[in-house]
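Presented below is the structure to which this report refers.
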Amino acid sequence: MSTIESERRLLAALKPRLRRFDDNALNAEASPELLDAAITPVESFFVRNNGWLPDEYKGDGGAWPFSVDGEVERPETWTLLKLRENFKTVSITAVLECAGYGRDGFSPPTDGVPWGRGPVGCARWTGVRLADVLRACGVKPGAVYTGHHSADLQADGSGRAAMSRGIPVEKAMAPETLLAFEMNGEPLSFLHGGPLRVAVPGFPGSAWQKWISRLELRDREHDGEKMRGTDYRLPVVPVRPGEPVNEAQFKVITDMPVNSLITAPAQNFTHAENSALEIRGFAWSGHVPLASVTVSADGGNEWHAAHLEDEVERFAWRRFRATLEIAGPGPVELMARATDIAGRTQPLDSAPWNPRGYGNNAVHRVRGEVRGKA
Ligand SMILES: Nc1nc2c(c(=O)[nH]1)N[C@H]1C(S)=C(S)[C@@H](COP(=O)(O)O)O[C@H]1N2
Ligand SMILES: [Mo]
């Protein structure tokens, strides 16, 4: 069993530039300028844990066991090696984003890790299609939801699983949903759920179960740890801060909203007056594709179209760039705002407040100083 001290040492060794939260589980994020690459390097990729890390699996991962049971004709146990031998290997570039992204922007503050703009990354995920594995087991007509199981435990000593979430069977059977064993062409590292995790492009990170060893098909929505009450759920009617919460009016988050991040220039940048400034970053969304990105260099008075790279893969993030002449001297605030094809656009200040602080896709603001030529 790991201790939080050993977990912190591991993080410092593998991801020295991440900002770690002062928490009893290991949680850390990168600053936006470390995310300025189409494929986020593992070193800059955020880490999110609901409990203590499980024991690290030693060995090459080939013997890692994975079983399927529940609403299937033929329950089965494979090793990772057998999965690779029996099913086609596919790779997908996709964003992994925590539902708590931007939580630090809610007012009043909510419970939970106060994530800024770092719990997101876009990686190349390689694995087998979950659909292929489930089909081999014979999915029964009554199957409606998956339940995912791993060995990590809650950090309160209760002995309960840290997290056991699931996804609707339609998403489990979708071609983008993988049992992933590689990230960016390397064996999936321990901190990211290696040897085996679920990859569910479009869904919040909570659905991307790490260290998965068992998947059950269920005849109802899963009710495992972090799957009930207000955990990873949003109210279907507005809730005001301080109001009593009716858990019956909360629904599981199954889609991530349109969002964007400025990766350059960095917060507190300086820039020479009357010269061109490149603003760049990435935009992404869950199941509804992106339409456009606009940028502003005057705190939101005037908006300019940014160039948005074509969609190459449906669930990857897309580079945007704009070059603006900036007058000066003085303080300047840059903003980027993405819109999806359904016409939904990022809120300027905050997404609707909700008790657990999920889904804050507010416009990213980067402040700097335009300096006159000396
Ligand atoms: N077993 C397990 N899987 C998990 C979690 C966890 O605590 N335990 N956290 C989830 C959440 S909330 C997120 S956002 C992603 C984070 O993945 P990462 O740590 O690889 O960035 O893992 C998900 N999978
Ligand atoms: Mo998350």
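Just one of the listed residues (Thr126, Thr146, Thr110) is within 21 Å of the chain's Cα centre (by Cα) and in a loop (DSSP other than H, G, I, E, B), namely Thr110.
A count restricted to region 183-196 and to residues that are within 16 Å of ligand 2 (Cβ to nearest atom) and either in a helix (DSSP H, G or I) or farther than 18 Å from Leu215 by Cα (or both) stands at 2. For region 338-359, the set of residues classified as in a strand (DSSP E or B) and open to solvent by 50 Å² or more (accessible area, probe 1.4 Å) consists of Thr345 only.
Within region 200-217, the set of residues being more than 24 Å from Glu29 (Cβ to Cβ) and assigned to a loop (DSSP other than H, G, I, E, B) comprises Ser213 only.
Quick one: would you say Asp22 is open to solvent by 30 Å² or more (accessible area, probe 1.4 Å) and within 17 Å of the chain's Cα centre (by Cα)? For Asp22, the condition - open to solvent by 30 Å² or more (accessible area, probe 1.4 Å) and within 17 Å of the chain's Cα centre (by Cα) - is not met. Evaluating Tyr101 against the criteria (1) open to solvent by 10 Å² or more (accessible area, probe 1.4 Å); (2) aromatic (Phe, Trp, Tyr); (3) within 16 Å of ligand 2 (Cβ to nearest atom) leaves one unmet condition, (1). Of the residues contained in region 38-46, none is found to be hydrophobic (A, V, I, L, M, F, W, C), touching a helix residue (DSSP H, G or I) at 6+ places or on another chain (Cβ under 8 Å) and over 22 Å from Gly205 (Cβ atoms).
Table: residues versus (1) of a type in the set (Phe, Trp, Tyr); (2) assigned to a loop (DSSP other than H, G, I, E, B); (3) within 15 Å of ligand 1 (Cβ to nearest atom).
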position	(1), (2), (3)
Ala151	no, yes, yes
Ser158	no, yes, yes
Ser164	no, yes, yes
Phe181	yes, no, yes
Val198	no, no, yes
Met227	no, yes, yes
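Residues in region 39-95 that are among the charged types (D, E, K, R) and buried (at least 19 other Cβ atoms within 10 Å of the Cβ): Arg48, Glu71. Quick one: is Ala276 closer than 11 Å to Ala336 by Cβ, in contact with a strand residue (DSSP E or B) (Cβ under 6 Å, 6 or more places away or on another chain) and of a type outside the set (Ser, Thr, Tyr)? Spelling it out, it is not the case that Ala276 is closer than 11 Å to Ala336 by Cβ, in contact with a strand residue (DSSP E or B) (Cβ under 6 Å, 6 or more places away or on another chain) and of a type outside the set (Ser, Thr, Tyr).
Just one of the listed residues (Glu278, Glu302) is assigned to a loop (DSSP other than H, G, I, E, B) and either over 25 Å from Lys373 (Cβ atoms) or at pLDDT 95 or above (or both), and it is Glu302.
Go through the residues of region 126-147 one by one and say whether even a single one is surrounded by 22 or more Cβ atoms within 10 Å (Cβ to Cβ), within 14 Å of ligand 2 (Cβ to nearest atom), of a type outside the set (A, V, I, L, M, F, W, C) and under 22 Å from Asn86 (Cα atoms). Checked against the condition, which is being surrounded by 22 or more Cβ atoms within 10 Å (Cβ to Cβ), within 14 Å of ligand 2 (Cβ to nearest atom), of a type outside the set (A, V, I, L, M, F, W, C) and under 22 Å from Asn86 (Cα atoms), region 126-147 yields no hits at all. Within the option set Ala162, Ala123, being within 13 Å of ligand 2 (Cβ to nearest atom), open to solvent by less than 50 Å² (accessible area, probe 1.4 Å) and either modelled with pLDDT under 95 or assigned by TED's automatic domain parsing to the domain that holds Leu80 (or both) holds for one residue only, Ala162.
Of all residues in region 238-275, those satisfying the criterion of being within 27 Å of Gly118 (Cα to Cα), in a strand (DSSP E or B) and of a type outside the set (Lys, Arg) are Phe250, Val252, Asn259, Ser260, Leu261, Ile262, Thr263, Ala264, Phe269, Thr270, His271.
The values are calculated or read from the model by the stated rules, or taken from the named source; none is laboratory data. This structure is a prediction, so every number in the text was calculated from the model and none was measured. Here Cβ is always computed from backbone atoms with ideal geometry, including for glycine, and neighbour counts include all displayed protein chains. Quick note on the areas: whole protein, heavy atoms, side chains included, nothing else; ligands and nucleic acids left out. Shrake-Rupley method; radii C 1.70, N 1.55, O 1.52, S 1.80 Å.
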